[in-house]
Structures are given as structure tokens and as C-alpha cells.
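Undergrad: Pasting a structure below so you can have a look.
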Amino acid sequence: MLNSLSSLCLYRPLRTALFFSTHNLLSTPISSNTSLRICSCSSSSSTQVQIAPAKVEQHEEQSIDVPKVEVLKQKLELLGINCDSSCVPGHYSNVLCPKCNGGKSLERSLSLYIVEKGDLARWRCFRTDCNWADKVFLEGKAGHDEVKNKIEFQPFRQMTVEGLRLVPIGEKITAYFSERHISQKTLWRNAVMKLSNDVQRSKEDVIAFTYRHNGIIVGCKYRTLDKRFWTERGSKKILYGIDDINGATEIIIVEGEIDKLSMEEAGFFNCVSAPGGGAGKNSPILPSAEKDTTFQYLWNCKHELDKVSRIILATDNDATGQALARALARRLGTDRCWQVSWPKKDESSCFKDANEVLKCLGPDVLRKIIESAEPYQLCISETDKVE
């Protein structure tokens, strides 16, 4: 009984301190900008995948201050981030993002890290159409006031295979691509690799798509076999496969790295992929190059794109893919854009993308579909037409 009373007496000051500290927290606007690097990706199941950075700073062991952690967790709850028993200081965990609620699949997409001292928490949602990231301190003003720089404008750093801890893909990843009808030759030519298990706290295989410009690695995008994505910090925003269209007058743009590889299986080497599927806000006036952050990869590849006279848009056959095609056409010019129409799969649906066609219908059919693309202006309705 005495222990219970003592615990209660200790807890009341914490609640009082929390009230006054959270008053300032709630009165501060929350920014969606961050310079935070999240190197963790885990599912809601009991098995967690935790990816460590390529270069890990050494920290001395710290004792966990339980009361401080509880106060910090309550601050997080005021922001809508509900911490469960998996949110242990010193480890990455995944919880439901209050901004996007995990999308249609309700996935636990918010990667949260509480430092061992319990005085700081930081997070990032790894869903590409959300990307909410910020941090908060136990004491003082909210950490998001100190986050000034957007991740898009961080200078990209020089990367190497060794520095990123990349190794050749193993049997499991090879089998994964084989099921998608992607050959080892195509994987080798596009320098598809694997993140070394030495930098992970899990044995799950992680695919590494290296983004190269003039043969030099300037970025890397990671993907688990169960379709979770994140990007190496400091990656430059460019089109995947940009070196393959150097000097080309006709190119194909798809929505994902695997679709780019699928096009190669059909004989098209003049193909690039957008690094993300987001289309951004649909504004009647296009933003300037400096403010067009969602499509910064187009501006970074302007030298190569300016030489192209015909662009085939082969984005996904869903609402997001159609929005991306519209956004690309507006920026690249509708007069030189052509649109692919994916064939029907059954009475109620059509094939979604290049890889699905490759798997189900084969490379010859995929090639005919691309060759049958029509001028973009003929493929859109009057209400969808752009200026």
C-alpha cells in the first residue's frame, strides 16, 4: 500500500508538469519539414525489421528514465501518436500515423525512435504520399520549431557500394524477381543490389535500387519483399535509369523501378522511372523550379529531358497513376507526350502496370502495348485537359 501511495505522489507532479509543457506544445504549429533520416522499417507483426544507418555513431550505454519516457509518450499522444508497448527507448518501432492513418491498408507506417535518455522522440511516416516527419523534446519548446531544412534540399553526398554496405543479391531476391519475370541479366545491368545483413537487426532481405547519374551513385532506394520503402539520406532526386536515356529522342516514363526493369525485358532500354508515385497538389499554375519540390527529379534531369521529342507515359492504371501522368504531361509538355492504355484483365478491371502485363501476358504483348500508345491529348477527357 505504501509503495502504491509513493508511486501516486511521484506521478502527480509529472501530470502537472505535463500540463504546462504541453500547453506550449499545442500552441506551436506543426511543420511537415524535416532533415531527419529514418533507417527503420517494420511491420505491425511481432517480427520487426530495423535498419541501421551505413555509419552508426557509437553511444555509451544509458539507463532508461522511466518517468521521463512516460511524460514524453504522453506528449506524443497529444500529437496523435499513440505509443504501445513496442515503443522502447533506444529502438525503432512502427505505429499508426495520425496524419494519413496508414492509407487504405491501415499499415503502421510511422517509424518512431525514442532516444535512450527519454528526452527526445523523432519520427517519419514512410508512406510516400504522407512523409510526415518531426521531433519533440521532453522539455522546452517543441522540436519541430528547430527543423528548418526540407529533406528535398539537402545536398546529396557522394555514395559508394562499400559505404552503403551493399552486396550482390542472393537466392531469395533472385527468386522474387524471377516470379516477376525479371532476369538476372537485367538486374545486373541495372546494378540492383541488396542491403547487407550486417547493418540490420533482422535477417529480412532488403532490395537496393541504386540511382546513378553519369555512372556515379547519387542515391539509393530500399524495398523489402513485403513492399515497404525508404530512401538513403542525402539521395539526389533524379529519374531512375537516367543514364539509359542520355541522348535519346524517344523515352518511356513508368511509376516504379520494377516497371522500368519490366520494360527492359520487353526490349525497351530507353525507359526511366519516377522515384515516387506522388503527384502533389493539382494547381492551375505550375510552381517555379525552386518550389516544385515533388517533381524536383524532373528539374534535376532537365538537361536529358530537353533533348527528347516523344515521351510515352506508362504510369499505373489507378487514380494515383493517372494523376501522376497529368502532372508529368503538364511539366513536360502535352504536345510531346503519349499515353499507354493498359488492357482489360477481366470484365471489371484492367491490368495495373508494366510488370503485371509482363507476368500475365509476356514481353511481346507488353511491347505491343507500348508501341500502341496514343497522343496524350487524345487519351484524356475535356475536363482533364491541361493548358
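Undergrad: Can you give the FRET efficiency to the nearest 0.05 for Thr128 and Leu106, using r as the Cβ-Cβ distance and R₀ = 25 Å?
TA: Given R0 = 25 Å and the Cβ-Cβ separation, E is 0.90.
Undergrad: Once both labels are modelled 7 Å past Cα along the beta-carbon direction, what's the Thr293-Asp346 spacing in nm?
TA: 4.2
Undergrad: How much accessible surface does Lys344 have with a 1.4 Å probe, in Å² rounded to 10?
TA: Ignoring ligands and nucleic acids, Lys344 comes out at about 130 Å².
Undergrad: Using Cα centres only, tell me the gap between region 337-376 and region 296-336 in whole Å.
TA: For region 337-376 versus region 296-336, the Cα centre distance is 18 Å.
Undergrad: For Thr315, tell me the accessible area in Å² from a 1.4 Å probe, rounded to the nearest 10.
TA: Estimated to the nearest 10 Å², Thr315 gives 10 Å².
Undergrad: What is region 214-265 by shape, rounded, prolate or oblate, if you read a ≥ b ≥ c off the alpha carbon gyration tensor as root eigenvalues and call it rounded for a/c under 1.5, prolate for a/b larger than b/c, and oblate otherwise? Before the final figure, lay out each step's value.
TA: Working: a/c = 2.62, a/b = 1.30, b/c = 2.01.
Oblate is the answer for region 214-265, as a/c is 1.5 or above yet b/c matches or exceeds a/b.
Undergrad: Restricting attention to region 213-318, which trypsin sites (Lys or Arg not before Pro) occupy a DSSP loop and are surrounded by at most 10 other Cβ atoms within 10 Å?
TA: Working: sites: Lys221, Arg223, Lys227, Arg228, Arg233, Lys236, Lys237, Lys260, Lys281, Lys291, Lys302, Lys307, Arg310; in loops: Lys227, Arg228, Arg233, Lys236, Lys237, Lys281, Lys291, Lys307.
Filter output for region 213-318: Lys227, Lys281, Lys291.
Undergrad: Here is a follow-up. What's the tally of Lys pairs in region 65-125 whose alpha-carbon atoms lie under 24 angstrom apart, where the two lysines are 8 or more places apart or on different chains?
TA: Values: Lys68/Lys117; Lys73/Lys99; Lys73/Lys117; Lys75/Lys99; Lys75/Lys117.
Here the count comes out as 5.
Undergrad: Further, regarding this structure: Just flag the GluC sites (Glu not before Pro) in region 222-290 sitting in loop per DSSP whose Cβ has no more than 11 other Cβ atoms within 10 Å. Spell out each step's value before the answer.
TA: Details: sites: Glu232, Glu250, Glu255, Glu257, Glu264, Glu265, Glu290; in loops: Glu232, Glu255, Glu290.
Listed in order of number, the matching sites are Glu290.
Undergrad: When a/c reaches 1.5 or more, the comparison of a/b and b/c decides; with that in mind, is region 225-348 rounded, prolate or oblate per its Cα gyration tensor? Intermediate values should be presented prior to the final figure.
TA: Values: a/c = 1.19, a/b = 1.17, b/c = 1.02.
In terms of gyration-tensor shape, rounded.
Undergrad: Taking the Cα-to-Cβ direction at Asp243 and at Arg331 and moving 7 Å from each Cα, how far apart do the two end points lie in nm?
TA: Spacing of the two 7 Å Cα→Cβ label points: 2.3 nm.
Undergrad: If you count the DSSP beta bridges with both ends in region 154-311, what percent of them are antiparallel, to the nearest 5? It would help to have the intermediate numbers written out before the result.
TA: On the way: 17 of 22 bridges.
About 75 percent, rounded to the nearest 5.
Undergrad: Would you check the accessible area of Tyr211, probe 1.4 Å, heavy atoms only, in square angstrom rounded to 10?
TA: Result for Tyr211: roughly 10 Å² accessible.
Undergrad: Which order do Ile216, Ile207 take when ranked by solvent-accessible area (1.4 Å probe, heavy atoms of all protein chains), largest first?
TA: On the way: Ile216 95, Ile207 0 Å².
Order by accessible area, largest first: Ile216, Ile207.
Undergrad: Once you have a ≥ b ≥ c as the square roots of the Cα gyration tensor eigenvalues for region 160-271, tell me rounded if a/c is under 1.5, and otherwise prolate or oblate according to whether a/b is larger than b/c. Numbers along the way, then the final one.
TA: Values: a/c = 2.01, a/b = 1.33, b/c = 1.51.
In terms of gyration-tensor shape, oblate.
The values are calculated or read from the model by the stated rules, or taken from the named source; none is laboratory data. For clarity, every value in this text was computed on a predicted model and none was experimentally measured. Glycine also receives a Cβ, built like all others from the backbone with ideal geometry; neighbour counts cover every protein chain displayed. Side chains are part of the model used for accessible areas, which takes the heavy atoms of the whole protein and leaves out ligands, DNA and RNA. Shrake-Rupley method; radii C 1.70, N 1.55, O 1.52, S 1.80 Å.
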